[in-house]
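Report on the following structure.
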Amino acid sequence: MDLVKVLVVDDSAFMRKFISDIINSDPQMIVIATARDGQDAFQKIERLKPDVVTLDIEMPIMDGMLTLEKIMNENPLPVIMLSSLSTDGAEHTIRALQLGAIDFIAKPSIQKTHDFAKISQDILKKIRIAAGTKNNLPNNNKILDYNPNFSFEYEEKVIDSQRNLNKLVLIGTSTGGPKALHQVLPQLPASLNAGILVVQHMPPGFTKSLAERLSSISQIRVKEAEDGEEILTGCAYIAPGDFHLNVLAKKSNQKDELLIKLNKEPPQGGLRPSVDQLLKSVADQFWSDIVCVIMTGMGQDGTAGLKYIKDKGAKVIAEHQSSCVVYGMPKAAIESGLVDEIVPLADISEVVIRMLQ
């Protein structure tokens, strides 16, 4: 098997060495060069043709965002962003994923580099996945921005809390998911007669920026889920990083309510949040129609949970291989025999609307 050739781009000499040492510790990977800024990186990309690039966001001369745009326009490659955990860092990261980065790694602070084993595992796993997406890069670059013929600025959209919740849309996704969500959620109408629950595998600190960005370009409201809040029709709730998203039914005088319940129970299959846990919780607590969508991502999260919601009459959509960045989660769902329709990304929202009618 060929070695995965990696170019490490960071303006910090310490981080270049730290990340290079991790990558070179894997016998199946090799750092072929390092670069201190985007300009330096671009020259090395053309000359050395790496399989994967790790790219710092904040750099002098040519920063990570400009470098990423240039790579995706001129020489598309799997890119993993290194992002700080600041609010600005999170917003830049979400934008980078929209521009075509495969994934990101939360940049370890110099004080926390003692947690070497966990950081190493994360970096090596993500590089391995990114290297495998090389042939699927056109799927990731097909839609850089969904531009509907209306424009929304970020605002707290007002939702009618008196509408009865009779339908739920459940979405599970992982690698490639932020970009896929940018394609699906903005195409759902404000009048959508369902609440939407989303599990996107992501570390803490990034889901709020993802939700705000999606809300700014969508007709529906999109927000990071909060413990105890009521799930309302016409609103999408994204599981916060490192929390499982469950639901709890509650009877009130006027109507049946469904509440968000967040918890830190052990990860399932190494994942928290887990799509499987969401699906099982909804099957246990929800009283009406369910549409479930399994989109791009590594592994098989969501497949085990499908049988619970299918027993409740749910309809299930899996993303077609032709539009996936990573065809793991949809493939596992399809192989279970529990999927009703296999749909390319561009058509998913349309099929969701049809299934809800």
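Computed from the coordinates by the stated procedures, all read-outs in this text should not be read as laboratory data. No experiment lies behind these values; they were computed from the predicted model shown. All Cβ positions, glycine included, derive from the backbone under ideal geometry; neighbour counts span all protein chains shown.
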At 222 nm, what value in deg cm²/dmol follows for the chain if DSSP H runs of at least 4 each add -39500 (n - 2.57) and the sum is divided by all its residues, to the nearest 500? -10000 deg cm²/dmol
Of the listed links K49/K331; K167/K312; K17/K126; K264/K307; K5/K179; K49/K134, those spanning more than 21 angstrom between alpha carbons are K49/K331; K264/K307; K5/K179
Once both axes come from the Cα atoms, what is the angle between helix 116-131 and the longest principal axis of the chain, in degrees from 0 to 90, rounded to 10? 80
Calculate the dipole size of the range 167-356 relative to its Cα centre from +1 charges on Lys and Arg beta carbons and -1 charges on Asp and Glu beta carbons; express the result in debye to the nearest 20. 100
Looks like the range 211-357, by Cα gyration tensor root eigenvalues a ≥ b ≥ c and the a/c under 1.5 rounded cutoff (else prolate when a/b is bigger than b/c, oblate otherwise), is rounded
Using the Karplus equation 6.51 cos²θ - 1.76 cosθ + 1.60 (θ = phi - 60°), what ³J(HN,Hα) coupling, rounded to whole Hz, does each residue of the range 344-355 give in order, writing x for Gly and Pro? x, 3, 4, 9, 4, 4, 4, 5, 4, 4, 4, 5
May I ask what percent, to the nearest 5, of DSSP beta bridges between residues of the chain are antiparallel? 20
Relative contact order of the range 167-356 (C-alpha contacts under 8 Å, at least 6 apart) in percent is 23
Can you order the peptides 165-176, 18-29 by their average number of other Cβ atoms within 10 Å per residue, highest first? 165-176, 18-29
With a cut-off of 8 Å between alpha carbons and a minimum separation of six or more residues, what is the relative contact order of the range 1-97 in percent? 27
Value of relative contact order over the chain, rounded to a whole percent, pairs C-alpha under 8 Å and six or more apart: 13
Can you list, largest first and rounded to whole Å, the semi-axes you get for the chain by taking the square root of 5 times each eigenvalue of its Cα gyration tensor? 36, 20, 19
Given Cβ charges of +1 for Lys and Arg and -1 for Asp and Glu, the option among V343, L262, V198 whose Cα lies farthest towards the positive end of the dipole of the range 167-356 is L262
